[in-house]
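Presented below is the structure to which this report refers.
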Amino acid sequence: MIDNACEWGASTLLIFSENVGALVYYTHIFPLVISLFLGFQVLINNPKGRSNRVLFLLTFVFSIWVYFDLILWASPTPESVMFFWSAIVPIEMFMYLLAAYLVYLFAHEQVDAPTWKKFAFSVFLLPIFLFAHTSLNVIGLSPDCDTGAFEGILIQYMYAAEIVIIGFIAYYLLKGIRRIKDTANRKRHIYISTATLVFLCFFTAGNLTLSFDLGPFYEQYKLFGMPIFATIVSYSIIKLATFRVKALLTGVLISALWILIFSMLLFSDIAYARPVILITVIAFGIIGAQLSRSMRKETQQREQIEKLATNLEKANARLKALDHQKSEFVSIASHQLRSPLTAIRGYASLLLEGSFGQIPQKAMEPLGRIDESSKLMALAIEDYLNVSRIESGNMKYNLADFNLVKEVEHVTDDLRSDAMKKGLVLYFKKSLHHQGVIHADIGKTIQIIHNLINNSVKYTQTGTITVLVRDDMRKKKIFVDIIDTGIGMSEETLNAIFHKFERARNANSVNATGTGLGLYVAAKMAEAMGGGITAHSDGDGKGSRFTLEMPLAM
Ligand code: ADP
């Protein structure tokens, strides 16, 4: 072990000292800033993404490595050189692990690796973490103060491990290309994995130049894998919104350009810097062209969207006006139909009652039909009027407290004879912890219940209809279930029935006179009174259950 201090003076901020040439600063600080910028941009834009976090960690660990390496260049004391030399080894290994993890995530479309795989990798790399601070790692410093060290067996092991990891990454790259079906995902994977591969190949190649004693000069360029990595990653972000980052990485580009220009000041001999400048210029040529193209595209898209938005606004306003006119038309038409219809109904029933003398038996049947049809027509007109009232916001609700249970029982009793005519049994049941008082419009609530039970009678050919009133004190709600053994509803019907004019395909075969408005009106009225209606069925032919729920007045 050689422990004489080197000739140069102490370093400032650990990294500035006379020993370090401009090229070293350039090859270190430039990739360091680029990698940190990239990492932060990707993390800030989507902090929850697993691959975003891994990329951030990778760039961060890389930055620490670079910073430590600069310290090695600048530090004149053997103790600190030895310390940072030992520390940098596990850091480097960790960086390779993260890079492999990143590629794994892209190769498997962001599905995390199973724990056993993570474990297997860690065991393989354990010696490096365990023996980092022993002489197995760094045996001693080289006597000429060039920051070089005599590498222990552990470092050789690490180089071998690096090559194995690079092999794994190449394998995952190919595996991903074969297995990913989604084209965009496959492209993302190719970009990120190739970038990572380039990054690590530069790094390991630089390491090997040390092992083959090519001098410290070439080793500097191993860090240039990072700007290339950053360029490919940025390109893939701009083109494919990789890492779910949509923002343009203008920040990275501008700061990198700034560093490049600034660093020119550090070079006394421009020829010396030529390869460095060449790499940087190529990188920015590609990314700059891509940036301006995507910016142009974005501006065009924005203009298009703005135009579309204005058109949409106009169309919307026009649709609203049309809808309003339509509601008004329905309302006027219905009102005008109502008065002649009242006359028809009135006279038909007077005729049937014999108020105009004895009607011949032959005329009784057609007269009965006139009476029946005019009733149905009146109901349909009432539905239309209700729809136009709801849509124009003119539906009035007279809210008051009343006992829902009693009203439901009355409606059930009223409809029992209709059910019996069809051979159906209509039950009324209750299971209550509360009297069942609600605060709502009594007329409209009766209308809703009537509608639901009436539907069950209409759409059930044999069996039973059960009306069950129950409450839930915890939720402070009361429920009215209407359960039938009727034609039931398919999933598709269930999704549609609360919309206007929607009727199931099988509805007509059972009942031809419906308008498809009853449930729409009932649901809207229930909602307006703080409640709601839900429907359930196991499928066509399997019966239905409709539930009205209302808040209890307590
Ligand atoms: P209408 O009964 O006038 O057609 P509704 O709005 O009351 O209109 O009902 C809409 C549709 O919902 C009905 O056409 C029918 O397809 C379905 N439906 C309603 N109640 C039931 C029920 N109890 N059983 C099966 N289907 C029903």
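Quick rundown of the values:
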| item | result |
| --- | --- |
| Contact order normalised by residue count of the chain, Cα under 8 Å, 6+ apart, percent | 9 percent |
| 0 to 90° range, to nearest 10: angle between helix 50-74 axis and the chain longest Cα axis | 20 degrees |
| FRET efficiency estimate (nearest 0.05) - Cβ-Cβ, Lys181 to His133, R0 51 angstrom | 0.60 |
| Dipole magnitude (debye, nearest 20) for the chain, charges at Cβ of Lys, Arg, Asp, Glu | 2200 debye |
| Summed side-chain charge close to Asp414 - residues other than Asp414 whose Cβ falls under 14 Å, Lys, Arg +1, Asp, Glu -1 | -1 |
| Estimated FRET transfer efficiency when R0 is 60 angstrom, pair Arg302-His536 (beta carbons, to 0.05) | 0.80 |
| Modelled FRET efficiency - R0 35 Å, Glu79 with Gln110, Cβ distances, 0.05 increments | 0.20 |
| Dipole-positive endmost among Thr183, Met95, Leu70 within the chain (Cβ charges, Cα centre) | Thr183 |
| Residues whose placed amide H lies under 5 Å from that of Ser490, excluding near-sequence neighbours | Asp540 |
| Proximal lysines relative to Lys406, as straight alpha-carbon distance under 22 Å, when same-chain residues fewer than 8 apart are discounted | Lys429, Lys430, Lys444, Lys475, Lys476, Lys477 |
| Mean ellipticity per residue at 222 nm, deg cm²/dmol - from DSSP H runs of n ≥ 4 across the chain, formula -39500 (n - 2.57) | -22500 deg cm²/dmol |
| Dipole of the chain, positive direction: furthest Cα of Leu136, His439, Tyr520, with charges on the beta-carbon | Tyr520 |
| The chain: angle of helix 361-392 to the longest principal axis, Cα-based, in degrees nearest 10 | 30 degrees |
| Protection-proxy order for peptides 345-355, 27-37, 293-303, each taking the mean of Cβ atoms within 10 Å per residue, highest first | 27-37, 345-355, 293-303 |
| Simple label model, 7 Å out from Cα along Cβ direction - Tyr218 to His434, nm | 8.4 nm |
| For region 43-201: rounded, prolate or oblate by the Cα gyration tensor [a/c cutoff 1.5] | prolate |
| Added length on full extension, which subtracts the Cα-Cα distance from 0.36 nm per residue, Ile442 to Lys422 | 4.3 nm |
| Stretchable slack from Asn311 to Ile153, in nm (0.36 nm times residue separation minus alpha-carbon distance) | 49.7 nm |
| Degrees between helix 22-45 axis and first principal axis of the chain (Cα, 0 to 90, nearest 10) | 10 degrees |
| Difference of contour (0.36 nm per residue) and Cα-Cα distance, Met377 to Leu352 | 7.2 nm |
| Burial ranking of peptide ranges 366-375, 473-482 (average Cβ count within 10 Å, highest at the top) | 473-482, 366-375 |
| Centre separation in Å (Cα based) which lies between region 440-478 and region 176-217 | 68 Å |
| Cβ-placed point charges (K, R +1; D, E -1), dipole of region 43-187 about Cα centre in debye, nearest 20 | 1180 debye |
| All lysines inside 18 Å of Lys239 as judged from Cα atoms, apart from same-chain residues fewer than 8 positions distant | Lys187, Lys297 |
| Inter-site label distance for Arg474 and His499 at 7 Å from Cα along Cβ, in nm | 3.6 nm |
| Loop sites in region 178-220: chymotrypsin sites (Phe, Trp or Tyr not before Pro), DSSP, at most 16 other Cβ within 10 Å | Phe212 |
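Coordinate-derived values only; no laboratory data. Not measured: the values here are computed from a predicted model. Backbone-built Cβ (ideal geometry, glycine too); neighbour counts: all protein chains shown.
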